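Right, one structure below, let's go through it.
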Ligand SMILES: NC(=O)c1ccc[n+]([C@@H]2O[C@H](COP(=O)([O-])OP(=O)(O)OC[C@H]3O[C@@H](n4cnc5c(N)ncnc54)[C@H](OP(=O)(O)O)[C@@H]3O)[C@@H](O)[C@H]2O)c1
């Protein structure tokens, strides 16, 4: 299914992988509404993407706001739920409140956005959730992500059955380098070298590569209940 003329809502759509999905979708003829908590970042993304992009300020931990904002968009075809924060630390040291906070944004944020989208989304459209490599390729210090991503992948399988014919999929990014300008340059270079040593692709992925896979899941009308790894082989 072509994305031309389709309307796509992308939570966490002003930065990283969500931003790359927004840009690529507009290139393919879609209109996008990107959401996030920071108006300046949203405005900058929409200006950069150009005609076809709009934004709403939205914190996905606010259930009432999620319903209100998705209703304000009007009918749309696809929902992409990219909003998430980073929470990491040793299991025995990480406060339970931090682990709960990760679930509040990355699991419940996606859950409530999907639920709020159902009355407004076209039945031949789709919902695209975000999982991540840390569920099936666990690493010490990231138990919260392992757990939340596992929960997301379970939810996707159930919703693909319950919400059919609406399609429901997930993308599971591996190590995608969205950190340029966000990390100090030495730490960034170390991150790139560590990842290069770990994965068959020999480098981190780009947001554009993850977005390319995401658009396949939006466009392919026979794919539902699937989690697609985009991870350079690990
Ligand atoms: N990059 C990777 O290597 C990688 C690997 C595995 C999985 N993933 C997953 O991929 C997805 C996208 O991540 P990314 O790497 O592209 O990171 P990112 O650039 O940090 O994007 C996350 C976005 O979520 C927004 N956000 C955070 N908390 C929010 C909240 N409470 N309400 C609304 N928006 C919120 C942020 O904007 P504001 O702060 O302005 O709200 C930001 O735009 C996430 O689910 C992440 O876990 C990424």
Could you work out which residue, out of 21, 86, 176, moves most in a Gaussian network model of the chain, that is, has the largest mean-square fluctuation with Cα springs under 10 Å? 86
Per-residue [θ]222 nm for the chain (sum of -39500 (n - 2.57) over DSSP H runs n ≥ 4, rounded to 500): -13000 deg cm²/dmol
Evaluated at q = 0.20, 0.22, 0.23 Å⁻¹: base-10 log I(q)/I(0), Debye formula over Cα of region 1-102: -0.94, -1.07, -1.15
What is the Å³ per residue value for the convex hull set by the Cα atoms of region 7-220? 127 Å³
Helix 63-73 vs. the chain, principal-axis angle (Cα, 0 to 90°, nearest 10): 50 degrees
Give me 216, 107 ranked fewest to most by other Cβ atoms within 10 Å of their Cβ, as a rough exposure proxy. 216, 107
Give me 64, 39 sorted ascending by neighbouring Cβ count inside 10 Å, so fewest comes first. 64, 39
Neighbour counts of other C-beta atoms within 10 Å: give me 120, 212 arranged from fewest to most. 212, 120
Using Cα atoms only, what is the angle between the long axis of helix 185-198 and the major principal axis of the chain, expressed in degrees (0 to 90) to the nearest 10? 90 degrees
So what are the radius of gyration and Dmax for the Cα set of region 82-154, in Å? 13.7, 45
Using the alpha-carbon centroid of each, what span in Å lies between region 148-216 and region 31-92? 18 Å
Region 95-231: radius of gyration and largest Cα-Cα distance (Dmax), Å: 16.1, 48
What are the radius of gyration and Dmax of region 1-61, computed over its Cα atoms and given in Å? 10.5, 33
Among 189, 22, 113, which one moves the most in a GNM of the chain with springs linking Cα atoms closer than 10 Å? 189
In a Gaussian network model of the chain with springs linking alpha carbons closer than 10 Å, the residue among 102, 94, 166 that fluctuates most is 94
So how tilted is helix 39-49 from the main axis of the chain? Cα-based, degrees 0 to 90, rounded to 10. 70 degrees
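Rule-based calculations on the coordinates, nothing more; no lab input. Fair warning: this is a prediction, and the values are worked out from it, not measured in the lab. We place every Cβ from the backbone using ideal geometry, glycine too, and count neighbours over all the protein chains shown.
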